[in-house]
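Undergrad: Starting off with a structure, shown below.
The values are calculated or read from the model by the stated rules, or taken from the named source; none is laboratory data. All values reported here derive from a predicted model rather than from experimental measurement. Reconstructed Cβ throughout: ideal geometry from the backbone, glycine too, with neighbour counts over all protein chains shown. What goes into the accessible areas is simple: the full protein's heavy atoms, side chains included, and nothing from ligands, DNA or RNA. Shrake-Rupley method; radii C 1.70, N 1.55, O 1.52, S 1.80 Å.
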Amino acid sequence: MFADLHLHTSFSDGTYSPEELVSQAQRFGLGAIALTDHDSVEGCARAAQACAAAGIEFIAGTELTAEQQGNELHILGYCLETENPRLLVQIARFQAVRQNRIREMVARLNQLKVPISEEAVFALANCRAPGRPHVARALVQAGFCGTLDEAFERFLKKNRPAWVPKFKMGAAEAINLIHDAGGVAVLAHPGLNRTDAVIPGMVAAGLDGIECFHTKHTAATAECYLKVASQFNLLVTGGSDCHGQSKGKPLIGTMKLPYQHVERLKARAARIKAAAPQTSAPP
Ligand code: AMP
Ligand code: ZN
Ligand code: FE
Ligand code: FE
């Protein structure tokens, strides 16, 4: 049995609905999936329902954007209590930051004489956690760019003219938030960020796991992070990071994580949940 623990839907910058995602998971014979939309847990209820109908195990997750020592990091939260009030308050805050950032990016594009409207971007995004991929899609749809890559290269990449920095919480704060919601905190695609120096600090802050297997990791990269996992006694996870059709061919089905890692993840989640009442109880 295999799992894919890194998937996006149209509740962030993926193109599949939760139901479409689950039907793809079924098509590729996955036994378990986790939904990890950026700064959102909104799609989890529908994905859970579709998974139950399809006989697939579902893990509620999210992918939070954080920073450590000036580096942007993505932190995955798994087995989350998706109704956790503190988690929902913080997610609403990150979503507001994302929406304001869209407005600022559109204003910069307008100053560059690229007349796209924020309404067009929000209509296209149609979610509470819009991001640069939605601006890129709007630029392509309006004919200002030929491809999404061109939109990023010309306007949206870091330090390009329409790029706007995003407020990010600290990595330790993200880990705490995930633990508080009963979840397991995992460093996403470390091979993409190439910020290995932050790992010891994150482990000290309570990091539970590391995403060794990812579509953009080579076999050598995966091997390198398997060693890091064993060195720091971290859980091993993996996923395709499928965004549906938004970046060419959908990636779901290309990364199959052996189920034993899901069992370990769930065992850790159970321990975190069991510990939670003690940590939050009054002295
Ligand atoms: P944001 O969260 O708004 O900063 O946007 C980050 C998202 O943009 C991530 O899902 C990235 O995978 C995506 N992204 C970054 N660079 C590119 C690119 N050149 N082409 C397409 N998507 C990209
Ligand atoms: Zn994304
Ligand atoms: Fe990511
Ligand atoms: Fe992702």
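Undergrad: Percent relative contact order of the chain, based on C-alpha pairs within less than 8 angstrom and at least six residues apart?
TA: Contact order relative to length: 23 percent.
Undergrad: Given H placed 1.01 Å from N in the peptide plane, which residues other than close sequence neighbours of I59 have an amide H under 5 Å from its amide H?
TA: I33, A34, L35
Undergrad: Using a cut-off of 13 Å between beta-carbons, work out the net charge of the residues near E20 (Lys and Arg +1, Asp and Glu -1, E20 not included).
TA: Within the 13 Å Cβ shell, the charges total +1.
Undergrad: Return the subset of K113/K166; K113/K216; K216/K266 for which the Cα-Cα distance in this structure is over 29 Å, preserving the input order.
TA: Distance filter (> 29 Å) returns K113/K216.
Undergrad: May I pose another question? In nanometres, what is the gap between the two model label sites at Q141 and K249, each 7 Å from Cα along Cα-to-Cβ?
TA: In this crude spin-label approximation the distance works out to 2.7 nm.
Undergrad: Got a number for carbon plus sulfur as a percent of the chain's accessible area, 1.4 Å probe?
TA: 53
Undergrad: Once both labels are modelled 7 Å past Cα along the beta-carbon direction, what's the A107-T215 spacing in nm?
TA: Taking the two extended label points, one gets 3.4 nm.
Undergrad: Now for a different question. Which value in deg cm²/dmol, rounded to the nearest 500, describes the helix-derived mean residue ellipticity at 222 nm for the chain, given -39,500 (n - 2.57) per DSSP H run of n ≥ 4 and division by the residue count?
TA: Result for the chain, helices only: -13500 deg cm²/dmol.
Undergrad: List, in order, the whole-Hz ³J(HN,Hα) value for each residue of segment 95-112 obtained from phi through the Karplus relation with A = 6.51, B = -1.76, C = 1.60 and θ = phi - 60°; use x for Gly and Pro.
TA: Those phi angles translate into 5, 5, 4, 4, 5, 5, 5, 4, 4, 5, 5, 5, 4, 5, 4, 4, 4, 8 Hz.
Undergrad: Quick check: Cα centre of segment 32-86 to Cα centre of segment 199-251, how many Å?
TA: Cα centroid of segment 32-86 versus Cα centroid of segment 199-251: 15 Å apart.
Undergrad: Give the residues of segment 39-75 whose amide nitrogen is closer than 17 Å to a point set 7 Å from the Cα of E173 in the direction of its Cβ.
TA: Taking a point 7 Å out along Cα→Cβ of E173, the residues of segment 39-75 whose backbone N falls under 17 Å are 39-40, 63-75.
Undergrad: A further question on this structure: Say R0 is 22 Å: what FRET efficiency, to the nearest 0.05, do E119 and N71 get from their beta-carbon distance?
TA: Calculated transfer efficiency: 0.05.
Undergrad: Work out from phi, with θ = phi - 60° and the Karplus expression 6.51 cos²θ - 1.76 cosθ + 1.60, the ³J(HN,Hα) of each residue of segment 159-174, listed in order in whole Hz, and give x for Gly and Pro.
TA: Computed from phi, the couplings for segment 159-174 are 6, 7, x, 9, 6, 10, x, 10, 4, 10, 6, x, 4, 5, 5, 5 Hz.
Undergrad: For the chain, with every protein chain kept in place, what is the accessible area per residue (1.4 Å probe, Å²)?
TA: That works out to 44 Å² for each residue.
Undergrad: List every residue whose amide H lies under 5 Å from the amide H of D13, counting only residues 5 or more places away in sequence or on a different chain, with H placed 1.01 Å from N in the peptide plane.
TA: H38
Undergrad: If you don't mind, another one. Using a 1.4 Å probe and ignoring any ligands, DNA or RNA, find the accessible area of C224 and quote it in Å² to the nearest 10.
TA: 50
Undergrad: What does the extension gain come out to for F232 and E153, with contour length at 0.36 nm per residue minus their alpha carbon separation?
TA: 24.8 nm
Undergrad: Apply the Karplus parameterisation 6.51 cos²θ - 1.76 cosθ + 1.60, with θ equal to phi minus 60°, to every residue of segment 132-140 and state each ³J(HN,Hα) to the nearest whole Hz, in sequence, with x for glycine and proline.
TA: Rounded to whole hertz, the list is 4, x, 6, 5, 4, 4, 5, 5, 6.
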